[in-house]
Every structure is written in C-alpha cells, then in structure tokens.
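Presented below is the structure to which this report refers.
The values are calculated or read from the model by the stated rules, or taken from the named source; none is laboratory data. For clarity, every value in this text was computed on a predicted model and none was experimentally measured. Don't worry about glycine lacking a Cβ; one is built from the backbone with ideal geometry, like all the others, and counts go over all protein chains shown. The area values use the complete protein model at the heavy-atom level, side chains included, leaving out ligands, DNA and RNA. Shrake-Rupley method; radii C 1.70, N 1.55, O 1.52, S 1.80 Å.
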Amino acid sequence: MRLLMLHSDHLEFEPHKKAVDQADEKGGKQRVEECLVVFNSLEKGDEKDLDSVVSQAVQEVRDTADKVSVENVVVYPYVHLTDQPGDAGKAQEVQKRLVEKLEADFSVTKAPFGWYKEFEIHVKGHPLSELSKQISPGEEDEKTRDEVVEDIESDYYILTPDGEEKKIDPENSSALQKVEDDSLKQFIESEEVKGQPKEKPPSIDAMQRLELVDYEPASDSGNFRFYPKGSLLFDLLKEWADEIAIDRLDSMEIDTPLLYDWSQEDIREQGGSFHERHYTVSVPDDETKEFVLRFAGDFGLFRIMKDANLSYRNLPMNVYEFSKSFRYEKKGELSGLRRLRAFHMPDIHSFTENVGQGWDVYEDIYKRYNDLAEATGVEFAVAFRVVEEFYEENKDKIVEMLEYSDKPALIEVISDMKHYWAVKHEFQGIDSVGGNLQLSTVQLDVEDAERYDITYTDKENEDKGCIICHSSIGSIERWIYAIIEQALKKDKPMLPVWLSPGQVRVLPISDEQEDYAEQVADQLNARVEIDDRDESVGRKIRDAEKDWIPYTVVVGSDEVEEGNLTVRLREKGSKEVEMDVEDLNHRLGQKLSGKPFKQLSLPRKLSRRPNFRG
C-alpha cells in the first residue's frame with residue numbers, strides 16, 4: 001500500500017464521473033480545513049494480509065497526525081500512487097476499515113471510492129507537511145533496535161582467557177570490583193552503569209588544530225572535510241583494512257551503489273532495524289518515487305549473492321566492500337568523528353556451509369581484527385553477546401579467541417534470539433573521557449541467507465541456505481577518533497609513528513644548514529618535513545611539539561661538521577639523543593615494518609605549506 005500524507009490548510013473536492021461499477025455513493029462537494037489528507041492506493045500483494053496493511057496504515061496516520069497536531073483526517077483513495085494497483089473490491093474495503101479505525105481518534109472525512117474527482121488542496125510548507133510511505137503485508141511485526149522483545153532475559157559474566165567465568169550484575173557498581181581489567185571495567189561503567197560522558201571529546205579540538213579533519217558548514221551536520229594530513233591518515237587506515245580483508249582473509253572485492261529504491265521489499269526489510277535513520281532522496285520526474293542512501297553495505301551485496309550460483313565447492317567465500325554509508329543519526333547524538341552521518345565501512349561478509357565452518361571463519365576474522373586494533377595502539381575492551389544454548393555449546397571457542405587477545409571479555413548471555421545472529425562480539429574502544437565506542441564487530445548469522453534467498457548447492461545437489469558471518473573492521477572515521485583520543489591520554493600526545501602525517505621534522509638552525517637538512521631528509525625512509533621558516537630554533541621546537549612530531553632533528557653547525565644528528569624522541573618525553581642517519585632509519589624501520597606507507601601530499605618545506613584554518 002502507498003500513502004501520501006499532506007498536512008494542508010484545506011482540501012476541497014467534488015465527485016464528477018464514476019470510474020468503477022462498484023463505486024461508493026457519489027456525495028456532494030466537500031471542504032475540510034486544517035487537515036491531514038491521506039492519499040492512498042492498495043497494491044498487488046497487499047490482499048494476502050489486509051489486516052496487517054490496515055493496521056500499519058492506521059499507525060502511520062496516527063503518528064503523522066500527532067506530529068503535526070491535527071484533529072481532521074481525510075481518507076482519499078488515489079490509485080495513481082502506484083503502477084501496480086490491487087483489486088478494486090479489496091481497495092474499497094480497505095477505505096472503509098481505515099475510516100472505522102481512525103474515527104476513534106480523529107474527525108474523519110472519506111472521499112468516495114471509484115469516482116473521478118475535482119479537488120483543490122493547499123499544502124503547508126513545513127518539513128513534515130509532505131510524507132510518503134510504502135507498506136507491505138506483515139511489516140508491523142518488524143521491530144526496530146529499540147523495540148526488541150522485552151521478555152528476553154540476559155545474564156552477564158566475565159570470561160577470562162584461561163576459561164574462568166564470574167557472574168556479575170553490571171548495573172551494580174560494587175560488582176565491578178570483580179573486574180580486574182581496567183579497560184573492561186571502564187567499558188562496563190560507560191555502557192551499563194553511568195552512560196556516556198556528557199563533556200565534549202577533546203579529539204574534536206585536536207583534529208581541527210592539527211588540520212586533520214573539520215566540520216563542513218555547507219553540508220549536513222555529521223559530514224566532514226578532510227585536510228591533506230587527515231586524508232593521509234584515512235588512506236593509511238583504508239590500506240591497512242584492504243590488506244587485512246584482501247591479502248590476509250582472501251576476500252573478493254566488490255563495489256555497489258549508494259542509492260536504493262525504497263519500494264523494494266528486501267531493501268525495506270533490511271532497513272527495518274534502522275527505522276527513520278536514513279536519508280531519503282527524491283527524483284525530479286516522479287514525486288512518488290523514494291530512494292534511500294544506504295546505511296550499510298548489505299543492500300547491494302545481498303542482491304549480488306542472491307543472483308550468484310553457489311556450490312559447496314565455493315565455500316567458505318569472503319566478500320569485501322569498502323562502503324561509504326549514511327545514517328541520519330539524531331542531532332543530539334552527533335559527536336565529532338565518534339558518531340556522524342556519513343562514514344566509510346570496510347565490511348566483510350563470509351558465506352559458509354554450516355555453523356562449524358562459520359565458526360572457523362569467525363575465529364580467523366576475530367584474530368585479524370585484533371591485529372588491527374593492536375597496531376593502532378588503541379585501548380579496547382571485548383564484549384560478546386550470545387544466545388544461551390549457543391554459549392553452552394561453544395564457550396571453548398570464545399576462550400580460544402580471548403587467549404589470542406590476552407584479554408577478558410564481558411559476556412551477555414541472552415535467553416533467546418533477539419536478532420538474526422546467534423553470537424556477536426565487539427571491540428569497544430575507550431576514549432580519553434571514559435566513554436566507549438564500537439570499533440570492530442563480527443556476527444554469526446543463522447537466519448538471513450534463506451530469508452534473502454542466498455543459497456548454495458550441497459554435495460547431494462540440494463539447495464541450502466548459507467551461514468553468514470557479517471563483520472566490519474569498523475568505520476575509518478571512528479578509528480581516527482579512537483586513535484586521537486588514545487593519543488590524548490598521554491602526557492605528550494602522539495599518534496602511532498606509521499600514522500603520523502609528519503614522522504620526522506628536520507630543523508636547520510639557520511639558512512646555512514638547509515642544504516644539509518635536505519641531504520638528511522633524502523636519506524631517511526620516512527615522511528620528512530623541513531622547517532625552513534624564518535623562526536628561532538626554540539619556536540621551531542615548540543611548533544614541532546604542538547604538531548605531535550615523533551622525531552625532531554635539530555641541525556646546526558656541529559651536526560654538519562660531525563655528520564651526526566641531535567634527535568628529540570617524543571615517545572621518550574622529548575629526550576635528546578645523538579645518532580646518525582642509519583640509527584634513525586633503524587628506529588623508523590622498527591616502527592613502520594609491516595605497515596602501509598605513503599607520502600604526505602604537502603610540500604616538504606613548511607614555508608610553502610598553506611594554513612587551512614586561518
């Protein structure tokens with residue numbers, strides 16, 4: 001069923017000519033003031049569950065009428081909303097039922113069914129004055145994340161890498177004394193006890209001052225601009241994610257559209273858990289057509305996999321997409337790079353034959369994501385959510401993963417399945433103000449394959465649904481947030497060397513040492529900057545400190561004469577150490593080995609660099 005709801009100053013209509021034999025009584029000219037006009041059209045397929053269609057339509061009208069504060073509702077049959085109209089008799093029945101149900105709450109006017117009508121309408125101009133909806137049979141049973149069944153119970157445990165299990169009540173702050181791991185304790189306090197801190201994360205000021213990332217005032221809230229240094233940081237993390245997905249996990253890479261037709265049943269079903277958290281897009285030549293910007297990479301992937309011919313010989317199969325996604329988070333929830341509306345998700349979906357094969361893939365992905373988290377230096381905690389029966393059968397596998405991380409985990413054991421997964425886990429980053437944020441996640445899905453008709457042919461030549469392992473390395477933007485927040489926990493903030501936009505800065509004391517500074521820079525295997533500005537060496541050192549430069553090399557006449565370097569090591573509290581180029585390259589090699597590397601797209605000399613923030 002299609003609905004077009006218009007909050008109007010008035011609607012005036014008059015029937016003229018009968019369009020179908022079973023039309024309602026004609027009636028006369030009518031005018032309704034200050035009303036919500038509900039143009040509606042039954043579609044093919046709605047007849048299989050009219051109760052569901054009517055129930056959903058009534059709820060949509062009630063919700064909209066409450067939002068715009070109207071008492072008058074006009075139910076107006078309008079077949080032109082669809083190119084697949086349903087049975088006329090059923091459509092006429094639906095009009096009557098809509099009126100009957102809505103009359104309990106509103107003053108309802110019914111436009112006669114089955115007539116060509118002349119009408120005049122004056123629609124108000126506020127953001128909620130024009131709303132379109134599409135309803136499918138049975139959808140009223142779908143729940144958003146906030147509406148999951150309330151009768152499911154949860155028990156909480158701390159599970160250690162040696163298999164020790166302690167039951168806790170996470171809402172009892174004194175019970176947290178049982179939690180010995182500081183990161184896990186901080187996560188539980190933030191997630192279950194105190195809630196997220198209210199203060200502004202310091203990474204917002206840092207990302208702006210360091211000219212990494214900034215707000216874009218010409219865009220929607222939660223959309224950001226990346227300066228050259230931030231773009232480099234983004235690219236390095238993306239390369240690291242690509243390397244994990246494609247090289248280590250042997251994934252096939254795909255790319256799918258950003259825009260999807262909201263009238264497609266499978267798209268709407270996948271979007272159910274993100275109710276009203278999506279951007280809608282209209283097209284200029286069809287007012288009834290509604291598209292959405294994807295809020296996850298599943299849309300296009302599931303379409304690809306539905307069309308694929310899969311055999312058990314193809315499985316397990318990993319599919320990777322670096323997907324830009326959009327979620328219309330509430331404005332009060334937006335917080336720097338922690339929570340935003342446009343983000344980039346490196347997603348891997350693994351298609352497997354059975355739960356056993358799915359677990360093998362799950363464990364492998366867990367370990368690779370752990371490697372990424374360790375490489376960034378970010379503090380994180382581990383949390384599992386698992387169905388009780390599944391936990392009892394597979395606790396030993398979870399312990400194996402915790403052994404790899406050498407971390408305990410919070411285990412939420414739920415009495416029954418809330419969603420499509422039987423088990424999921426998250427790496428929860430801990431920021432500098434005591435909050436937490438989800439980074440990587442893996443979910444073992446035991447339902448969605450058959451729901452979306454993703455099947456494979458087994459050895460007996462029978463079609464079976466796959467077990468899907470959904471996983472995301474975590475949005476690049478959130479990783480940047482977590483990395484900056486981690487740096488801010490230190491007395492001297494510093495990014496990991498492989499992610500620092502400027503890894504070495506050479507400071508010639510005067511113009512006479514500039515040529516030597518160039519020679520040093522050419523010999524170093526790193527991103528090297530030269531501070532050739534007409535400033536004192538003290539000022540140059542202070543600026544290098546402000547810019548979080550890991551290695552600052554001061555070059556004076558003594559260094560030129562002796563061929564040595566005076567290096568300030570930020571990781572050692574800016575301690576000065578005498579070394580040569582070979583020594584510094586060795587130290588750099590230890591920090592950069594096995595990590596992505598690319599040069600910064602800014603001039604090497606600071607005197608030639610623009611100031612992006614005025």
Item to complete: Consider Glu363 carefully, then state whether it is under 15 Å from Thr441 (Cβ atoms) and among the acidic types (Asp, Glu).
Response: yes
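Select from segment 498-542 the residues that are assigned to a helix (DSSP H, G or I) and open to solvent by less than 10 Å² (accessible area, probe 1.4 Å) and write down the one among them that is farthest from His586 (Cα to Cα).
Here is the first cut: in segment 498-542, the residues assigned to a helix (DSSP H, G or I) are 498-499, 511-523, 537-542.
Keeping just the survivors that are open to solvent by less than 10 Å² (accessible area, probe 1.4 Å) gives 498-499, 517, 520-521, 540.
Working: Trp498: 14, Leu499: 18, Ala517: 19, Val520: 14, Ala521: 15, Lys540: 25 Å.
The qualifying residue farthest from His586 (Cα to Cα) is Lys540.
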Worksheet item: Does segment 241-255 contain at least one residue that is at pLDDT 95 or above, within 20 Å of Pro346 (Cβ to Cβ), open to solvent by 60 Å² or more (accessible area, probe 1.4 Å) and under 18 Å from the mean Cα position of the chain (by Cα)?
Response: yes
Item to complete: Working carefully through the options Glu34, Glu103, Glu14, Glu93, find the one that is at pLDDT 90 or above and at positive phi.
Response: Glu34
Worksheet, complete the sentence: Quick count over segment 293-334, residues being of a type in the set (Gly, Ala, Ser), open to solvent by 10 Å² or more (accessible area, probe 1.4 Å), at pLDDT 90 or above and touching a helix residue (DSSP H, G or I) at 6+ places or on another chain (Cβ under 9 Å), is 1
Worksheet entry | Out of Glu290, Glu269, sole residue that is of a type in the set (D, E, K, R) and either in a helix (DSSP H, G or I) or surrounded by fewer than 14 Cβ atoms within 10 Å (Cβ to Cβ) (or both) | Glu269
Worksheet item: For segment 391-474, which strands (runs of 3 or more DSSP E) that fit wholly inside it have 3 or more residues that are within 21 Å of the chain's Cα centre (by Cα)?
Response: 421-430, 436-445, 467-472
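Any residue in segment 116-132 that is assigned to a loop (DSSP other than H, G, I, E, B), acidic (Asp, Glu) and under 42 Å from the mean Cα position of the chain (by Cα)? Don't jump to the end; show me each part of the working.
Step one: of segment 116-132, the residues assigned to a loop (DSSP other than H, G, I, E, B) are 124-129.
Right, trim to acidic (Asp, Glu) and you get none.
Among the residues of segment 116-132, not one is assigned to a loop (DSSP other than H, G, I, E, B), acidic (Asp, Glu) and under 42 Å from the mean Cα position of the chain (by Cα), which makes the answer no.
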Worksheet, complete the sentence: Here the residues within segment 488-525 that are within 31 Å of the chain's Cα centre (by Cα) and either under 17 Å from Lys595 (Cβ atoms) or of a type in the set (S, T, N, Q) (or both) are Met494, Leu495, Pro496, Val497, Trp498, Leu499, Ser500, Pro501, Gly502, Gln503
Discussion item. Step by step: first the residues of segment 431-479, then only those that are under 21 Å from Arg341 (Cα atoms) and among the β-branched types (Val, Ile, Thr), then the one that is surrounded by the most Cβ atoms within 10 Å (Cβ to Cβ). Which residue is that?
Written reply: Ile473
Item to complete: Search segment 64-92 for residues that are touching a residue at least 40 places away in the same chain (Cβ under 8 Å) and pair each with any residue that is of a type in the set (Lys, Arg) when their beta-carbon atoms are under 8 Å apart and the residues are at least 6 apart or on different chains.
Response: Val74/Lys110; Leu81/Arg2; Thr82/Arg2; Gln84/Lys44; Pro85/Lys44; Gly86/Lys44
Fill in: Scope segment 458-510; condition farther than 26 Å from Leu439 by Cα and of a type in the set (Val, Ile, Thr); matching residues
Val504, Val506, Ile509
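Quick check on segment 154-179: of everything there that is polar (S, T, N, Q) and touching a strand residue (DSSP E or B) at 6+ places or on another chain (Cβ under 9 Å), which residue is least open to solvent (accessible area, probe 1.4 Å)? Can you show your working first?
Here is the first cut: in segment 154-179, the ones polar (S, T, N, Q) are 154, 160, 172-174, 177.
Then keep just the ones that are touching a strand residue (DSSP E or B) at 6+ places or on another chain (Cβ under 9 Å); that gives 154, 160.
Values: Ser154: 41, Thr160: 26 Å².
Here the answer is Thr160.
Here's the yes/no breakdown for (1) free of Cβ contacts under 8 Å to residues at least 12 places away in the same chain; (2) in a loop (DSSP other than H, G, I, E, B); (3) not hydrophobic (A, V, I, L, M, F, W, C):
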| site | (1), (2), (3) |
| --- | --- |
| Asn318 | no, no, yes |
| Ser325 | no, no, yes |
| Tyr328 | no, yes, yes |
| Phe351 | no, no, no |
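Hey, any hits in segment 596-610 for a residue that's part of a loop (DSSP other than H, G, I, E, B), hydrophobic (A, V, I, L, M, F, W, C) and open to solvent by 60 Å² or more (accessible area, probe 1.4 Å)? First the steps, then the outcome.
Step one: list which residues in segment 596-610 are part of a loop (DSSP other than H, G, I, E, B), which gives 596-604, 609-610.
Add one more test, that the residue is hydrophobic (A, V, I, L, M, F, W, C), and what stays is 597, 600, 602.
From what is left, the residues that are open to solvent by 60 Å² or more (accessible area, probe 1.4 Å) are 597.
Yes, there is a match, as at least one residue in segment 596-610 is part of a loop (DSSP other than H, G, I, E, B), hydrophobic (A, V, I, L, M, F, W, C) and open to solvent by 60 Å² or more (accessible area, probe 1.4 Å).
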